[in-house]
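The next block holds one structure in the form of structure tokens; read it before the comments.
Derivation of every value follows stated rules applied to the coordinates shown; laboratory data play no part. None of the values given here were measured: they were computed from a predicted structure. Here the Cβ is made from the backbone with ideal geometry for all residues, glycine too, and neighbour counts use every protein chain on show.
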Amino acid sequence: MKTILRCAAACFIFGVMGLQANAQNVLRISAIPDEAPTELQRKFKPLGDYLAAETGMKVEFTPVTDYAAVVESLATKKIDMAWLGGFTYVQTKIRTNGTALPIIQRVEDEKFRSVFIVPADSTVKTLPELKGSTIAFGSPSSTSGHLMPRYFLMQAGVNPDKDFKNIAFSGAHDATVAFVASGKADVGALNISVWDKLLESKNPNALKVKVLSTTPTYFDYNWTVRGDLDPALVKKISNAFLKLEASNPSYKELMDLQRATKYVTTKSSNYDDIEKAARSAGLIK
């Protein structure tokens, strides 16, 4: 019996060690679903391959169906790192009691913008003229597709909850463009990066709408890691991102997919204004 117990204990210990070793050899990443799933997979496959080569780890990208799932996956340690919007980072910070750590962002994310779009034949010229219309935002948790457009509407004297006939949530930036193009909404709000990409690709829906207004700048997207990730691995990941520049031909295709020219380090305090905007809009208490 003692021999059996010793064998069982040994098997358990080696099993745990095997699981730990496997976990240390796999970098599990995800991203907020702000675009169609096929587009997210297309964008992150080359980046995952690059990070695998730089870290010596297997990189697994796990798509999710909604923004809340990314927050919860980081908080429960089901993933190690995630591509978040500014608002989603704030939600993650709150959910993890401040332990989640934003480490890297595109230089473009230091001065990000959103756009309000209307049908190409619309005669509306200003945001206050939108009162009585129907509006399409992206996800309720989207920084550039909901929170900041909502905030800047309020700055312009438009209360979305009182002044619009109806508020719809399309779920993603490209879907918002489709809502306005098809007449499901009179106006839509989305991030300027996706808007530029749709225009460049001559997306049929983008050709049916136009920009009414562009917001002031704010901090947005970042890569956030769970708080207890090995600091040496965090540094290795950060250094890998910092090596990437669109001016380097070896990285140009990867960077084009990410809509980035280069990456820079970031910190939690960069998103204090996002948190203030969310609280003022009543989106977090």
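Is there any pair with a first residue in the range 265-285 that is free of Cβ contacts under 8 Å to residues at least 40 places away in the same chain and in a loop (DSSP other than H, G, I, E, B) and a second that is loosely packed, with under 14 Cβ neighbours inside 10 Å and not β-branched (Val, Ile, Thr) whose Cβ atoms are under 8 Å apart and which are 6 or more apart or on different chains, and what are they?
From residues that are free of Cβ contacts under 8 Å to residues at least 40 places away in the same chain and in a loop (DSSP other than H, G, I, E, B), the pairs are Lys285/Arg279.
With the requirement that a residue be surrounded by 13 or more Cβ atoms within 10 Å (Cβ to Cβ) and in contact (Cβ under 8 Å) with a residue 40 or more places away in the chain, what does the range 252-264 give you?
Matches in the range 252-264: Leu254, Leu257, Gln258, Arg259, Ala260, Thr261, Lys262, Tyr263, Val264.
What is the one condition in (1) surrounded by fewer than 22 Cβ atoms within 10 Å (Cβ to Cβ); (2) in contact with a helix residue (DSSP H, G or I) (Cβ under 8 Å, 6 or more places away or on another chain); (3) of a type in the set (A, V, I, L, M) that Val234 does not satisfy?
In the conditions (1) surrounded by fewer than 22 Cβ atoms within 10 Å (Cβ to Cβ); (2) in contact with a helix residue (DSSP H, G or I) (Cβ under 8 Å, 6 or more places away or on another chain); (3) of a type in the set (A, V, I, L, M), Val234 misses (2) alone.
Is it fair to say Lys210 is in a helix (DSSP H, G or I) and of a type in the set (Lys, Arg)?
In short, no.
I'm checking my understanding of the structure. Among residues of the range 28-43 that are assigned to a loop (DSSP other than H, G, I, E, B) and surrounded by 17 or more Cβ atoms within 10 Å (Cβ to Cβ), which one is nearest to the chain's Cα centre (by Cα)?
Our first condition is that a residue be assigned to a loop (DSSP other than H, G, I, E, B); within the range 28-43, this holds for 32-36.
Imposing the further condition that a residue be surrounded by 17 or more Cβ atoms within 10 Å (Cβ to Cβ) reduces the set to 32-35.
Details: Ile32: 5, Pro33: 7, Asp34: 6, Glu35: 9 Å.
Going through the qualifying residues, I end up with Ile32.
Give me the strands (runs of 3 or more DSSP E) completely within the range 44-155, filtered to those with at least 2 residues that are of a type outside the set (Val, Ile, Thr) and surrounded by fewer than 17 Cβ atoms within 10 Å (Cβ to Cβ), ordered by residue number.
Per the criteria, 58-61.
Tell me which residues, restricted to the range 156-174, are among the β-branched types (Val, Ile, Thr) and either surrounded by fewer than 18 Cβ atoms within 10 Å (Cβ to Cβ) or in contact with a strand residue (DSSP E or B) (Cβ under 9 Å, 6 or more places away or on another chain) (or both).
Taking the range 156-174 and keeping what is among the β-branched types (Val, Ile, Thr), we get 158, 167.
Listed by number, the list holds a single entry, Ile167.
Kindly provide the set of residues from the range 161-203 that are of a type outside the set (Asp, Glu), assigned to a helix (DSSP H, G or I) and without any contact (Cβ under 8 Å) to a residue 24 or more places away in the chain, ordered by number.
Matches in the range 161-203: Lys162, Ser182, Leu199.
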